[in-house]
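Enquirer: My questions will all concern the structure given below.
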Amino acid sequence: MNSLKTPRLLFAAAGLYVVILVMNLTGLLNDYFLHIINQSLIYVTLTVSLNLINGLTGQFSLGHMGFAAVGAYVSGTITTLLFNVKPTLVNYPIFVLALVIGGLAAALVGVLIGFPSLRLKGDYLAIVTLGFGEIIRTILNNISVVGGPRGLLGIPKFSNFHVVFVVAFVTLVVVRNLAQSSHGRAFLAIRENELAAELVGLNTTRYKVMAFAIGAFFAGVAGGLLGHLLQMAHPTQFGFLGSVLVLIMLYAGGVGSLTGSVIAAFALTFLTETLRMVLDSLSDMTNLPLGDWRMVLYALLLILIMLFRTEGLMGTREAKIVVLKEDQL
Amino acid sequence: MGSIFNAQQIVNGLQLGSIYALIALGYTMVYGIVRLINFAHGDFFMVGAYAAYGAFFLFNAFLGGSGLPMAAVTLIVAMAAGSVVAALTNRFAYKPLRNKPKLSSLITAIGVSMLIEYLFSALPFIGASFRAFPVLIEQKLYKIGTATISNYVVIDLLVAATLMIGLTFLVRKTALGRAMRAVSQDKDAAKLMGIDVERVIGWTFLIGGAFAGAAGLLAGMTYPRIFPYMGILPGLKAFIAAVLGGIGNIPGAMLGAYIMGLAETFASAFNSLLGEGIAFAILILVLLVRPRGLLGEKSADKI
Amino acid sequence: MKRAFLILAATLVAFGLAGCGGQDVIKIGGVAPYTGEAATFGVSSKQGMELAIEEWNAAGGLLGKQIKLVFADDKGDPAEGATVYTKLIKQDEVVAIVGTVMSKVTLAGAPIAQNAGVPMISPTSTNTKVTEVGDYIFRACFIDPFQGTVGAKFAFEDLGARTAAAIFDVGNDYTKGLSEAFAAKFTELGGSMVAFEAHPTGATDFKAQLTKIVQANPDVLYVSDYYNDVALIAKQVRELGFTGPMVGGDGWDSPELTAIGGDAVENGFFTNHYSKDDTRPEVREFVAKFNAKFGAEPDALATLAYDGMYLMLSAIKNAGSTDGVAIKNSMKALRLPVVSGTVQFDENRNPVKSAVIIEIKGGKQVYRTTVNP
């Protein structure tokens, strides 16, 4: 791997981080804005990790939020029920450990779900991943220790802009380095033609299970971050519609483009809030109930994006700073 | 444990399966030809239910009366509404993406689904609230041994069976059916053979939408409560039934739907807390044993 | 790149625009699920809030200013809830919040209000944990155990039931909590639970569970769902041959219950906050005004949202200021007759009020009896 090129992305990220932080501290961006950025960053982590499974390896997964649920509940159980810690600086190691364990638990589930992918393809696999997600939700509804349908409550608020930013960045770098290495070409080969990949001697089993494990790990970490941001986790948050939202972000950004995943995660999260703002202002001015039409416009814009950018915002292209070795693409 | 497999539960499972089958049949037809997970199919179903609801009140206001003519008119309106929405969706959201990556249309499908739901929810004269679906046909209950069965269940079952037979006939015996099969097997080859692929797809959406509309009416009659988001879950179940039966296989969709109905019923009777999860576990097991669905054909991978 | 900047600039302008606003109004935040599968509850809640504010504004406003409702849709989703609570507090700078409907979403919003010192009252979040978040968090409804307990006592003592069955939504804490409380109290009184069945959220077919219930032959069936599910459950359980009484909670209170359920919901009883036949002026005026404005009977959600808003506005008026601490203290000292009864908050900021039992008779809600806490 060419480590010489890595710092460019690091510098860009550091720059963005500092700009947002300074704008927040000087009051240019209020906490509401920062909250939306936090949410966008969690969606970046989810979308980029789904990109590894779905975009790069071509394994159609409809249960990505199921992994996030495992991460949220496992890490939340550790910080809330096991240690019952306050979100102070000295306790951050416990939080980080909890996030990692949550991620590993999700990865384990990912491996479990990866195995059916050895036998099943396309929409058949989609049903199985969807079913797994729903099974996880059913189980969570029935474990009273973690609250059942009341949800896991009182999770300490460890997540903040700093943590969420770092995790999104690390996810992006790890998936990028995987994608743009020889492993990455193996993933792509499976996506393009699995039989051919096998015939040229690729261990497709290993790569598919690997994609599911790594993708699920980061989804689990993202789930943990979400739980520690909202201070709660609830089974319904991680259902089918949640997984579909991540899928929308993936395709709206462009399958296989990590840049696209990042842009779409931000764009779609901000779109809902911007529409809220604009329509509220307009209905104040006109005295019409325009706010009711927010989600109608959202859906319409989504369709238009796909009609005019049929391969998503970025297609399969990457921004230069995300490319590890420019000469090879 | 033995007590969960009694006559009444079998009737319950068949009723649930019939509703799933009604939606899954239209679904699998479209699915077999354009190979697109049509997320909006559940919403065509919802539109059908609302159209029937509206037709009922208009019919009542202008002509009055009820009984068979009323039921026939509402059925026609529901089917027409389903067709129109399906055709519009195909024309404006799917057709422009026909030769693009399949997954782009998947996102527009989700977008269309959201658009229809939120639009119905936002329109002042429809709104998000639940509405009581009118009684089109008086309900009658029959006792067969220890089980009670309603005439609605019989109607649902008969309609689902008729539609399946009709569809199978259409696909196997008519010129349009032959063209459909050709398009589903190889679009490009079909085009070379002089088949107007877009016309065939257009017809498929019209018929599939009509089926969804009819299903909306029957579901509204059987479970008399309609609201703009009523199509999400049935749409998902239809998708699962279609995949379970084998993509694009019409008897397969029907079989898949009944298996799901029975699996859900028995799983809930066995343990209602875990019922949903058990039903999904059964589906996963079935797919692991039959990776191409129950009646799906084995096709060789192309390199 | 140019385009990206344009979009960014447009976004910033939009956010900036929304921040502007006159200082001559008092802003109150309102939160409810206005889109998504719980939208119907949000629609009712928003109507209740609007009606209360309209009344106050017509009567001269609050502290000499007009009141403005800043409403936000939470989509019934905790993450969206956290976002809109942050928006209302940090962007719109509301002085208090009335919201939201579902406990799981309120629990994501409450810590934000508590940290910012913005008083809030949830109209309908029944989960006991909601007000435990902190001393700025109030509620206008009963807590989970209360209605189940009252229902069980009524079933055992008034209806003379000795065996009971319950059905609830496995994914909804309100219905599960009510059913659990019912089962606990009914068993304690000496009755026995012969079936305790759950159904998935969003189900329309409940026959698998109901068949088991009917075969267990209970004297009474406890249905803790909302009206839309209750109506279908009632129809299906009657179809399966159950003729006994059904008992439920305030989720039943909607004109849609009898519209959808028809004859099947006859011989049904539910615990509620008030009866629509009540001759108290608060009730009579509210029902009449609601009917006039929205052309329908108010349901429980509209009533509690109206009351929640009314309580909050009264607390601000009594406090004589829009300061968070003052409002909070004024709220604690409140004792006020509203539609859902005379409300006074206990040390956990839950309202102390009596419950009434309503019977469904001839398609109408008929007052049966009052139960004191």
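Enquirer: How compact is region C:110-180 by the rule of thumb for globular proteins, expressed as Cα Rg over 2.2 N^0.38 Å?
Expert: That ratio works out to 1.40.
Enquirer: Sticking with this one: Cut-off under 16 Å on the C-alpha distance; same-chain residues fewer than 8 positions from A:Lys208 excluded. Which lysines are left, in chain and number order?
Expert: Reachable lysines: A:Lys121.
Enquirer: With the convex hull built on the Cα atoms of chain A, state its orientation-averaged projected area in nm².
Expert: 18.4 nm²
Enquirer: For the pair A:Leu282 and B:Glu138, what calculated FRET efficiency results from E = 1/(1 + (r/R0)^6), where r is the Cβ-Cβ distance and R0 = 60 Å, to the nearest 0.05?
Expert: According to the calculation, E is roughly 0.75.
Enquirer: What does the average come to when, for each residue of peptide B:98-105, you count the partner chain Cβ atoms lying within 10 Å of its Cβ?
Expert: 5
Enquirer: For C:Lys364, go through the lysines and keep the ones whose alpha-carbon is under 26 Å away, minus same-chain ones fewer than eight residues off.
Expert: Excluding near neighbours in sequence, the set is B:Lys140, C:Lys46, C:Lys153, C:Lys235, C:Lys276, C:Lys289, C:Lys293, C:Lys353.
Enquirer: In units of 2.2 N^0.38 Å, what is the alpha-carbon radius of gyration of the protein assembly as shown?
Expert: In units of the 2.2 N^0.38 Å rule of thumb, it is 0.92.
Enquirer: Another question, then. Longest span of chain B, sites excluded, free of trypsin sites (Lys or Arg not before Pro) in DSSP loop with at most 12 other C-beta atoms within 10 Å?
Expert: Formally, the longest exposed-site-free interval is B:141-297.
Enquirer: Right, next: Looking only at other chains, what is the average number of their beta-carbon atoms within 10 angstrom of each beta-carbon in B:223-231?
Expert: Per residue, the average neighbour count from other chains is 5.
Enquirer: Right, something else. Counting other Cβ atoms within 10 Å, which trypsin sites (Lys or Arg not before Pro) in region C:79-176 have at most 16 and lie in a DSSP loop?
Expert: Sparse-neighbourhood loop trypsin sites (Lys or Arg not before Pro): C:Arg162.
Enquirer: Give the lysines reachable from B:Lys95 as a straight Cα distance under 23 Å; neighbours fewer than 8 places away on the same chain don't count.
Expert: B:Lys187, B:Lys191
Enquirer: How shielded is A:284-294 by partner chains, expressed as the average number of their Cβ atoms within 10 Å of its Cβ atoms?
Expert: Partner Cβ neighbours, averaged per residue: 4.
Enquirer: In terms of the Cα gyration tensor, with a ≥ b ≥ c the square roots of its eigenvalues, is chain B rounded because a/c is under 1.5, prolate because a/b exceeds b/c, or oblate?
Expert: oblate
Enquirer: Please list, by residue number, every one of the GluC sites (Glu not before Pro) in region B:222-303 that is coil in DSSP and has at most 14 other beta-carbon atoms within 10 Å.
Expert: Counting only loop positions with at most 14 other Cβ atoms within 10 Å, the GluC sites (Glu not before Pro) in region B:222-303 are B:Glu297.
Enquirer: Let me ask you something else. Multiplying the sequence separation of B:Leu68 and B:Arg91 by 0.36 nm and subtracting their Cα-Cα distance, what value in nm do you get?
Expert: Residue separation times 0.36 nm, minus the Cα-Cα distance, leaves 4.9 nm.
Enquirer: According to the square roots a ≥ b ≥ c of the eigenvalues of the Cα gyration tensor, what is the shape class of chain C, taking rounded for a/c under 1.5, prolate for a/b larger than b/c otherwise, and oblate for the remainder?
Expert: prolate
Enquirer: On to the next question. Just check region C:144-272 against the gyration tensor rule for me: Cα atoms, a ≥ b ≥ c as the square roots of the eigenvalues, rounded for a/c under 1.5, and otherwise prolate or oblate depending on whether a/b exceeds b/c.
Expert: rounded
Enquirer: Using the basic label-point model (7 angstrom from Cα toward the beta carbon), what is the B:Arg35 to B:Asp196 distance in nanometres?
Expert: 2.5 nm
Enquirer: What FRET efficiency comes out for the pair B:Leu288/A:Ser181, r = Cβ-Cβ distance, R0 = 35 Å, nearest 0.05?
Expert: 0.65
Enquirer: Further, regarding this structure: Let me check against my output: what whole-number percent is the relative contact order of region C:66-150, with C-alpha pairs under 8 Å and at least 6 apart?
Expert: This gives 24 percent for region C:66-150.
Enquirer: Of all chymotrypsin sites (Phe, Trp or Tyr not before Pro) in region B:46-137, which ones are in loop regions per DSSP and have a Cβ with at most 10 other Cβ atoms within 10 Å?
Expert: Of the chymotrypsin sites (Phe, Trp or Tyr not before Pro), the ones in loops of region B:46-137 whose Cβ has at most 10 other Cβ atoms within 10 Å are B:Phe125.
Taken together, the values in this text are just the output of simple stated rules run on the coordinates, not laboratory data. Source: prediction; values computed, not measured. Glycine also receives a Cβ, built like all others from the backbone with ideal geometry; neighbour counts cover every protein chain displayed.
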